[in-house]
Amino acid sequence: QVLPIVVFFSTVMSMLYHIGFMQWLVGKVGWIMQIFMGTTPVESLVAAGNIFVGQTESPLLVRPYLPYITKSELHAVMTAGFSTIAGSVLGAYISFGVSASHLLTASVMSAPASLATAKIFWPETEKPTVTLRSGLQMAKGDSKNVLEAASQGASTSILLVANIAVNLISFLALLAFLDSALSWVGSLFDYPQLNFENICAYVFMPFSFMMGVDWEDSFIVGGLLGYKTFFNEFVAYERLSKLIDNREKGGSMYINGVKQYMTVRSEVIATYALCGFANFGSLGLVIGGLTSLAPSKKKEIAGGAFRAMIAGTVACFMTACVAGMLTVAGVEVPCHILLGNAFNSTDFPDNSTELFDCCQQLFTSVNHSQEFFPGGNYSLSPWKGCCQILDQPAFYC
């Protein structure tokens, strides 16, 4: 269901490149970043191109100039590729159930963030040779008309779709094997719940907490960051979509001591933090792709790729920090109003997280003889409904 969307996006992008719209758009965005950030034309155009295409396609825009760029510019080019995602897979993540607006915003924000981070990691100490402020020629496609461009875009997506499918199958199988092996080792020490996500959670939990994730959710986000770093972001977003689905369905937040979903704010921060190609699997793609475009820079590419991956990860974390600062929780309806409106209708309401929490608070207030909802005028219908939702024993109800 997801992979055909990749074919569609690849076809549309190829058509837009043929008519010249993408070149115009990338040029304008790159010019804006060049003016406001003081970066060179080559690295600005590549960073702007990474908003729309992948990390191996965007350097093609400035292919003639790659052999002449400095080490800092080359590092910025690689960092931009690691800190953004391709437009072709954007639709796939949206179809998972991840917020489209946050994914689009994250992809745009990561472009200037990647340049800022790249210059911190590898400051410019040389004099750039490609300094044209206008007239920088971008590579164009070789298709004769729009239909041929659409056909080429669809054909190009075959390798991408096959690559995603094969990697997803292999990584999920490898993850299942690792979890089984770790669980077996953990059972020897009376800890059978040991798995790869738990290990990643402890490693990346400090980073997720510093980004603004709630303490209770920081371990879950840490596990997602581990999936993204050691496997790929496709696996991480697939796991995040399940957490979002669990929250929307409602139900018990904890099952056997394991948290089943996060708050909306934690989901938003995780969406931004995962929005990048910074993983070990992409190292080979970047080194191989850029080396084929600029063979004379092979040594510099191999030497700076790992540092660029770390810089790309930091850029994604920076955008997640900004998203965490700007994201505020929505206005919550008081529980006595929510319960009254929900159970006074003829149809039984859908089980939601807010309804579940209000019913829990209602029972807690009675058990502890507290007036949890002051001024509430309750009928029997909210009590009966909450008994049904929480599956309480008949004695309490």
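The values are calculated or read from the model by the stated rules, or taken from the named source; none is laboratory data. What you are looking at is a predicted structure, and each value in this text was computed from that prediction instead of being measured. Ideal geometry is used to build each Cβ from the backbone, glycine not excepted, and the neighbour counts take in all protein chains shown. Heavy atoms of the whole protein, side chains included, go into the accessibility calculation; ligands, DNA and RNA do not. Shrake-Rupley method; radii C 1.70, N 1.55, O 1.52, S 1.80 Å.
Quick look at the numbers
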read-out	value
Rounded if a/c under 1.5, otherwise prolate or oblate - the stretch 2-157, Cα gyration tensor axes	oblate
Rounded to whole Hz, the Karplus (6.51, -1.76, 1.60) HN-Hα couplings of the stretch 25-32, x for glycine and proline	5, 4, x, 5, 5, x, 5, 4
Longest to shortest principal axis, alpha-carbon extents of the stretch 116-254, angstrom	65, 44, 33
Between helix 298-326 and the chain: long-axis angle, C-alpha atoms, 0 to 90°, nearest 10	40 degrees
Cβ-defined net charge surrounding Ser292, 12 Å radius [Lys, Arg +1; Asp, Glu -1]	+3
C-alpha long axis of helix 380-390 to longest principal axis of the chain, angle in °	60 degrees
Accessible area in square angstrom per residue, the chain, 1.4 angstrom probe	50 Å²
Folded to 0 to 90 degrees: helix 3-19 orientation relative to the chain principal axis, Cα	40 degrees
Net charge over other residues, Cβ less than 12 angstrom from the Cβ of Leu240 (K, R count +1; D, E count -1)	-1
Entries of Lys242/Lys299; Lys127/Lys228; Lys71/Lys144; Lys119/Lys298; Lys242/Lys298; Lys71/Lys242 with Cα pairs more than 32 Å apart	Lys242/Lys299; Lys127/Lys228; Lys71/Lys144; Lys242/Lys298; Lys71/Lys242
Cut-off 11 Å between beta-carbons: net charge of the residues surrounding Val46, Lys and Arg +1, Asp and Glu -1	-2
Sites Ser252 and Lys28 - FRET efficiency at Förster radius 51 Å, r taken between beta-carbons, to 0.05	0.55
Selection from Pro112, Gly20, Thr79 lying farthest towards where the dipole of the stretch 1-147 points positive, charges on Cβ	Gly20
Qualifying GluC sites (Glu not before Pro) in the stretch 226-333, DSSP loop, other Cβ atoms within 10 Å at most 16	Glu332
Residue with peak Gaussian network fluctuation, the chain [Cα springs, cutoff 10 Å], from Met318, Met309, Met37	Met37
For the stretch 54-93, the Rg and Dmax computed from alpha carbons only, in angstrom	11.7, 36
Residue-by-residue Karplus 3J(HN,Hα) for the stretch 212-223, coefficients 6.51, -1.76, 1.60, Hz, glycine and proline x	x, 6, 4, 4, 5, 9, 5, 6, 5, 5, x, x
The chain - convex hull of alpha carbons, volume per residue in Å³	179 Å³
